[in-house]
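*Asks:* My questions will all concern the structure given below.
No value in this document is a laboratory result; all are computed from the given coordinates. Being a predicted model, the structure only gives us computed values, none of them experimental. Cβ: placed from backbone, ideal geometry, glycine included. Neighbour counts: every protein chain shown.
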Amino acid sequence: MTNEPIDEDDIMRALEARLGRLHARQRLGIERDHEAQVFGQGLNFFHPENLAASPLLVRAALTAVGLYRRGLANAEKVVLRENSLVSAKLPHAFDGFAILHLSDLHADMCPKAMARVRTLVDDISCDLCVLTGDYRGATHGPYEATLAAMAELREAIRAPILAVLGNHDTILMAPRLEQMGMRVLLNERETIVRAGARIHVAGIDDAHYFRVDNIEKAGEGIPNGEFSILLSHTPEIYRQAAHAGFDALLAGHTHGGQICLPGGVALTLDSVLPRAFGAGAWRYHDMQGYTSVGAGSSVLPVRFNCPPEITLHRLRTA
């Protein structure tokens, strides 16, 4: 499937049929206007991932201090973490419901890290898999290699998949990901039914860089009092999500800093949010949150004091 030539006209027709002509063209237009912009646009001002010289500068600095090879090896050691999401609103039928959370795969950057993810996923039994964006390594340009790597990963996941796009992803990837059996939520939601009970999973388009998120649209129609989860590439919209009544927010984007000081102290999270929300589990008002540090790496496939991860969340009834 992914070896076929990509016809972007066909993809646009599919997006227009799904989202409407104006929405689809506006979304792609915003992306093309800003995809390689280094300064301005998005929630923060400087975007080093869009700077062509960034990989060279980082690699030169790490090589100079003799750490580059160690960083490469660290980036390949993806670990499995577990987390519980406990809520009195969760129906008893969903007690123990397992959600596999993959984020920031940057699937075309580090083949050994992706191979490790596939090995881990192959041994995991879950009820749902959620992907919170950044499938491509670069922020613009070709995405055929990304789609090929994602197709290989899809074969290892034995569960329904819900996904959202990140700031590295073009919306033109969405129809091709859906052809693989993933449901890409573009400010939309899905209702999951089990033994007559239900929960809701909503997903928003990229809120960090392209600013094309719409929480109101994504959450429209969720009945008051029913358990709901919001998928977002970035946790930066934590306030909006909590005040919209979501019970949990699953996100990524920050990489936990990727290059951290001993003790996991991030040099930067590339985000506008409290540092406590930059990695792992956290809470804001009545909403639980989890920020994955990601399975892949950005700019360069290196990590220090911040192991890459995939996460298995278990829903529990309080």
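*Asks:* Sequence neighbours fewer than 8 away in the same chain don't count; with that in mind, list the aspartates and glutamates whose C-alpha is under 18 Å from Lys112.
*Replies:* List returned: Glu76, Asp104, Asp122, Asp123, Asp134, Glu152, Glu155, Glu309.
*Asks:* To continue, here is another question. Under 1.5 on a/c is rounded, so check that first for segment 133-215, then, if it is not, pick prolate when a/b is larger than b/c and oblate when it is not; a ≥ b ≥ c are the square roots of the alpha carbon gyration tensor eigenvalues. It would help to have the intermediate numbers written out before the result.
*Replies:* Numbers: a/c = 2.95, a/b = 1.32, b/c = 2.23.
Since a/c reaches 1.5 but b/c is at least a/b, the shape of segment 133-215 is classed as oblate.
*Asks:* Packing-wise, with mean Cβ within 10 Å as the measure, how do 158-165, 179-186 rank, highest first? Don't skip to the end; give the middle numbers.
*Replies:* Values: 158-165: 21.8, 179-186: 18.5.
Taking the mean over residues of other Cβ atoms within 10 Å, the ranking is 158-165, 179-186.
*Asks:* Would you work out if the chain is rounded, prolate or oblate? Take a ≥ b ≥ c from the square roots of the eigenvalues of the alpha-carbon gyration tensor; rounded if a/c is under 1.5, else prolate when a/b is larger than b/c, oblate otherwise.
*Replies:* Values: a/c = 1.44, a/b = 1.19, b/c = 1.21.
Note, shape of the chain comes out rounded.
*Asks:* Now a separate question. Give a residue-ordered list of calculated ³J(HN,Hα) values for segment 116-121 (Karplus: 6.51 cos²θ - 1.76 cosθ + 1.60, θ = phi - 60°; whole Hz; x for Gly, Pro).
*Replies:* 3J(HN,Hα) across segment 116-121, in whole Hz: 5, 4, 4, 5, 5, 4.
*Asks:* In deg cm²/dmol, rounded to 500, what helix-only [θ] at 222 nm does the chain give when every DSSP H run of at least 4 residues adds -39500 (n - 2.57) and the total is split over its residues?
*Replies:* Details: 9 runs with 87 residues, N = 318.
Mean residue ellipticity, 222 nm, calculated: -8000 deg cm²/dmol.
*Asks:* Reported to two decimal places, what Rg/Rh ratio describes segment 1-144 when computed on Cα atoms with Rh from the Kirkwood expression? Provide the component values of the computation, followed by the final result.
*Replies:* Details: Rg = 19.8 Å, Rh = 19.3 Å.
That ratio equals 1.03.
*Asks:* Scaled to the compact-protein estimate 2.2 N^0.38 Å, what is the alpha-carbon radius of gyration of segment 147-295, rounded to two decimal places? Don't skip to the answer; put the middle values down first.
*Replies:* On the way: Rg = 15.6 Å, N = 149, 2.2 N^0.38 = 14.7 Å.
For segment 147-295, the normalised Cα radius of gyration is 1.06.
*Asks:* Given 0.36 nm per residue, what is the gain on full extension from Ala52 to Glu152 after removing their alpha carbon distance, in nm? List each step's numbers first, then the result.
*Replies:* Details: separation 100, 0.36 × 100 = 36.00 nm, distance 2.84 nm.
The span from Ala52 to Glu152 would gain 33.2 nm if fully extended.
*Asks:* Also, quick follow-up: With θ set to phi - 60°, apply the Karplus curve 6.51 cos²θ - 1.76 cosθ + 1.60 along segment 219-231 and write out the HN-Hα couplings as whole Hz, x wherever there is a Gly or Pro.
*Replies:* For segment 219-231, the Karplus-derived couplings read x, 4, x, 6, x, 4, x, 9, 5, 9, 10, 10, 9 Hz, x marking Gly and Pro.
*Asks:* For every other residue with a beta carbon closer than 12 angstrom to the beta carbon of Ala156, add +1 if it is Lys or Arg and -1 if Asp or Glu, then tell me the sum.
*Replies:* Details: positive: Arg116, Arg118, Arg154, Arg158; negative: Asp122, Asp123, Glu152, Glu155.
The answer is 0.
*Asks:* Students often forget the sequence filter, so: which aspartates and glutamates lie under 15 Å Cα-Cα from Lys89 once same-chain residues fewer than 8 apart are removed?
*Replies:* Straight-distance partners of Lys89: Glu226, Asp247, Asp286.
*Asks:* Moving on. Just the Cα atoms of segment 57-115: what Rg and Dmax do they give in Å?
*Replies:* Taking only Cα atoms of segment 57-115, I get Rg and Dmax of 18.5, 56 Å.
*Asks:* So how do Val58, Val130 line up by other beta-carbon neighbours within 10 Å, fewest first? Walk me through the intermediate numbers first.
*Replies:* Values: Val58 17, Val130 25.
In order of increasing Cβ crowding within 10 Å: Val58, Val130.
*Asks:* I would also like to ask the following. Considering every Cα-Cα pair within segment 240-318, what fraction, in whole percent, is farther apart than 14 Å?
*Replies:* Working: 1913 of 3081 pairs.
For segment 240-318, the share of Cα pairs beyond 14 Å comes to 62 percent.
*Asks:* Please state the relative contact order of segment 8-317 as a whole percent: Cα pairs under 8 Å, 6+ residues apart? Don't skip to the end; give the middle numbers.
*Replies:* Values: 717 pairs, mean separation 77.7, N = 310.
Answer for segment 8-317 is 25 percent.
*Asks:* Using a/c under 1.5 as the rounded threshold, could you call segment 179-221 rounded, prolate or oblate? The axes a ≥ b ≥ c are square roots of the C-alpha gyration tensor eigenvalues, and prolate needs a/b larger than b/c, oblate otherwise.
*Replies:* On the way: a/c = 3.65, a/b = 1.62, b/c = 2.26.
Oblate, because a/c is 1.5 or more while a/b does not exceed b/c.
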